[in-house]
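Asks: Below: one structure in structure tokens.
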Amino acid sequence: MVRTVALNGLPGGVGLLDLLPADGPLAWVRRGDGLVGWGEAVRIQTSGPGRFAAADDAWRRLVARAVVRDDVRVRGTGPVAFGSFAFDDESPAGGVLVVPSVVVGRRGARAWLTTVTSEAEAAARRGEEAAGEEADDEAGPPDFRPTRSPATAPAASPAPSPGAVYEQPGALDPGAWCEATRDIVARIRRGAVDKVVLARDVTVTAERPIDPRWVARRLARHHRDTWTFVVDTMVGATPELLVRTHRGHVASRVLAGTVRRTGERRADQAHADALAHSPKDLAEHRYAVASVAAALAPRCSSCRVPDTPYVLSLPNVAHLASDITGVLRAAEPRPSSLALAAALHPSAAVCGTPTDAARDVIREVEHLDRGRYAGPVGWLGADGDGEWGIALRAGRLASGDSRRMQLFAGCGIVAASDPAAELAESEAKLEPMRRALGVGTVVGGHRTP
């Protein structure tokens, strides 16, 4: 049984991320609004090229069997699954949808609590609810003090610091990564491919276990305009919305073309102006926009694609950005947000173009398994609507070692790319995760506090 009730609000000064317990936290939060969850009512694990379709089908069947009582009925209420999917069809990371036992959501002034219980638990609780229902109706929405079941109580605890954090190179050290960039540029100039997004990883080891809540709260504090996520092993703050659907409307934010910010107003404005007129960055951006527009057009009765991008300024970098919107075609069943995410993935912003040729180059020269980095991450509701970002500015918690995390960054390589400049861009893109973890400066080949 799925039950959603309105809340009068959250305790003063408490944000959604502050509610998360240490065990199995889940989050999708931007500017203080969004969804957090904990407990695991259902896990849907998939793999291979059909991972999206298999997860979508399993979700539809699960929702069809659910008994739902939703007293709020806004986007994000009722049954919700948090999801994360591998970038590559061949990655063993596959895909996952996690249905939490408890979800707390907030959009503006409205807040709600959703609980998922088994039939046995629901039957045991019905007597209690029947006894208190009349009083509930008279009193209005509850405060954030759910007491009917221990599962609904916010079991949050302080998120401990990981202590000192040390960094080591990943699959390719900076010199080897620059050499891979030169290789890709040579392939592009020979006409083998138009654009390739080259990822880079580094590994960090902490003094104590890395609590994803510690990382997420620090990311959200410094990057309010991004979507902070915690799903399974992935933690990050993505600035790129792959797709959002709501009542037949669809939106996607495409980012490609980057410049580092210095924090000095005049210098940053000059850099932003240069970015907006850079032939190299504009070409890179056009590839990304074209790939998203081509995937959405057949599924939309109307689609708006901006003629020129705008400059989106974030704390550490500025991007060329384009917001694409559309109206989905009237069809039964209407494609879910997850199905649309699958259709859009991988866009030229995270893979390259042509897609198959770029993916082949990635598999050959990156020397790493991206896992769910640069794959879709987000949430899905009972009606199929939801929000999916691209897992960027992100890290993956190591399996079997809670003190280790793999951090990722990627750069779009085109014919005019300069390896040193691309390396500097990757450093800027690693900065949010490094700052959230408290990673310091490089000493003796290792980054230390």
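The values are calculated or read from the model by the stated rules, or taken from the named source; none is laboratory data. Everything quoted here is computed from the prediction, not taken from an experiment. Glycine gets a Cβ as well: all are built from the backbone with ideal geometry, and neighbour counts include every protein chain shown.
Asks: Can you name the residue in the stretch 273-292 that is of a type in the set (G, A, S) and surrounded by fewer than 19 Cβ atoms within 10 Å (Cβ to Cβ) and, of all such residues, is nearest to T355 (Cα to Cα)?
Replies: Looking at residues that are of a type in the set (G, A, S) and surrounded by fewer than 19 Cβ atoms within 10 Å (Cβ to Cβ), I get A290.
Asks: Could I ask something else about it? Does T226 satisfy being among the hydroxyl-bearing types (S, T, Y), touching an Asp or Glu at 6+ places or on another chain (Cβ under 6 Å) and in contact (Cβ under 8 Å) with a residue 24 or more places away in the chain?
Replies: Against the criterion (among the hydroxyl-bearing types (S, T, Y), touching an Asp or Glu at 6+ places or on another chain (Cβ under 6 Å) and in contact (Cβ under 8 Å) with a residue 24 or more places away in the chain), T226 does not qualify.
Asks: Turning to a different aspect of this structure: Inside the stretch 5-53, counting only strands (runs of 3 or more DSSP E) that do not spill past its ends, which hold 3 or more residues that are more than 20 Å from L380 (Cβ to Cβ) and either touching a Leu at 6+ places or on another chain (Cβ under 7 Å) or touching a residue at least 40 places away in the same chain (Cβ under 8 Å) (or both)?
Replies: Counting at least 3 such residues, we get no strands (runs of 3 or more DSSP E) at all.
Each row is one residue, and each column tells you yes or no for (1) modelled with pLDDT of 95 or more; (2) surrounded by 13 or more Cβ atoms within 10 Å (Cβ to Cβ).
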{"residue": "E138", "(1), (2)": "no, no"}
{"residue": "P142", "(1), (2)": "no, yes"}
{"residue": "T147", "(1), (2)": "no, no"}
{"residue": "P150", "(1), (2)": "no, no"}
{"residue": "A153", "(1), (2)": "no, yes"}
{"residue": "A156", "(1), (2)": "no, yes"}
{"residue": "A159", "(1), (2)": "no, yes"}
{"residue": "V165", "(1), (2)": "yes, yes"}
{"residue": "P174", "(1), (2)": "yes, yes"}
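Asks: Of a type in the set (K, R), surrounded by fewer than 24 Cβ atoms within 10 Å (Cβ to Cβ) and without any contact (Cβ under 8 Å) to a residue 60 or more places away in the chain, is that true of R329?
Replies: yes
Asks: While we're on this one: Which of the residues that make up the stretch 379-389 are in contact with a Phe, Trp or Tyr (Cβ under 9 Å, 6 or more places away or on another chain) and under 13 Å from G83 (Cβ atoms)?
Replies: Selection gives W379, L380, G384, G386, E387, W388, G389.
Asks: Condition check: modelled with pLDDT under 95 and on the phi > 0 side of the Ramachandran plot. Does G76 satisfy that?
Replies: Spelling it out, it is not the case that G76 is modelled with pLDDT under 95 and on the phi > 0 side of the Ramachandran plot.
Asks: Considering only residues that are among the β-branched types (V, I, T) and in a helix (DSSP H, G or I), which ones fall in the stretch 271-307?
Replies: Initial filter on the stretch 271-307 (among the β-branched types (V, I, T)): 289, 292, 305.
The answer is V289, V292.
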